[in-house]
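The values are calculated or read from the model by the stated rules, or taken from the named source; none is laboratory data. Given the structure is predicted, the values throughout are model-derived calculations rather than measurements. Heads up, the Cβs are rebuilt from the backbone with ideal geometry, glycines too, and the neighbour counts pull from every protein chain shown.
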Amino acid sequence: MGTKTLFLLRHAKAITGKIDMPDQDRPLSDSGLKDAGKLSNKLHKKDAHFDLIVTSPAIRAITTSQILINHLNMKGCNFLIDPLLYQADVTTLLEYISRASKKYDEMMIVGHNPSLMDLATHFAGEAIAMPTCSLMKVSFGFKDWAKVMTEKPTKFTFLN
């Protein structure tokens, strides 16, 4: 078990909601599918791998996650769909991350704004925008996710 790296991925662009469609049921738009594919290609070239991917139950977040998993050939990746990630606040997200097993060194959260934007801002200490399909890498110097509650990252960068 090494140091921990957290990836924050906002889902790709979804279609505009309709009155008779629940927000969680909105699928990716054509441009969202294309953007998720481009991100997958970029990550494939970097030989990216994630020990754990956790996504919100919204169709657009699940689809974004599945495109990455399929393109990166991560059949052995631990993949969870958790309702807690839909409309979570920063405290809820930090508590969620802090409970992750130490065996996971690289964890990705696929979710929504304002949740991910607020979490990125928390880590950066300044306002951070998270447009659709943006991916932020947050590196930590600790070996136990529980420390995410009290320790700041050693580095954060956007990968796209």
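Couple of notes before you dig in:
- Index of the failed condition, T64 passing every other in (1) in contact (Cβ under 8 Å) with a residue 60 or more places away in the chain; (2) assigned to a helix (DSSP H, G or I); (3) of a type in the set (V, I, T); (4) farther than 24 Å from R26 by Cα: (4)
- Yes/no for T16 being of a type in the set (V, I, T) and either surrounded by 14 or more Cβ atoms within 10 Å (Cβ to Cβ) or under 21 Å from V148 (Cβ atoms) (or both): no
- Selection of segment 89-119 for residues being hydrophobic (A, V, I, L, M, F, W, C) and farther than 20 Å from G32 by Cβ yields V90, L93, L94, I97, A100, M107, L119.
- A Cβ distance below 6 Å, combined with a sequence gap of six or more or placement on separate chains, defines the contacts here; from segment 18-33, residues that are without any contact (Cβ under 8 Å) to a residue 24 or more places away in the chain and within 14 Å of I62 (Cα to Cα) reach residues that are in a loop (DSSP other than H, G, I, E, B) and not β-branched (V, I, T) in the pairs S29/K13.
- Selection count, segment 4-35, where residues are touching a strand residue (DSSP E or B) at 6+ places or on another chain (Cβ under 7 Å) and outside any strand (DSSP E or B): 7
- Conditions (1) in a helix (DSSP H, G or I); (2) crowded, with 19+ Cβ neighbours inside 10 Å; (3) of a type in the set (G, A, S); number of the one not met by S40: (2)
- Scan of segment 126-148 for residues that are of a type in the set (D, E, K, R) and in a loop (DSSP other than H, G, I, E, B), ordered by number: E126, K143, D144
- Here A127 passes the criteria (1) in contact (Cβ under 8 Å) with a residue 12 or more places away in the chain; (2) in contact with a helix residue (DSSP H, G or I) (Cβ under 6 Å, 6 or more places away or on another chain); (3) surrounded by fewer than 18 Cβ atoms within 10 Å (Cβ to Cβ) except the one numbered (1).
- Here T150 clears all of (1) touching a residue at least 40 places away in the same chain (Cβ under 8 Å); (2) over 23 Å from A36 (Cβ atoms); (3) not basic (K, R) except the condition numbered (1).
- For the condition assigned to a loop (DSSP other than H, G, I, E, B), of a type in the set (D, E, K, R) and over 22 Å from S29 (Cβ atoms), K103 qualifies.
- Cβ separations smaller than 8 Å between residues 6+ apart or across chains give the following pairs from segment 81-102 residues that are hydroxyl-bearing (S, T, Y) to residues that are part of a loop (DSSP other than H, G, I, E, B) and loosely packed, with under 15 Cβ neighbours inside 10 Å: Y86/P57; Y96/D82.
- When segment 94-117 is filtered for residues that are crowded, with 21+ Cβ neighbours inside 10 Å and of a type outside the set (A, V, I, L, M), the ones remaining, listed by number, are G111, H112, S115.
- When the test is whether a residue is surrounded by 17 or more Cβ atoms within 10 Å (Cβ to Cβ), of a type in the set (S, T, Y) and modelled with pLDDT of 95 or more, S31 does not pass it.
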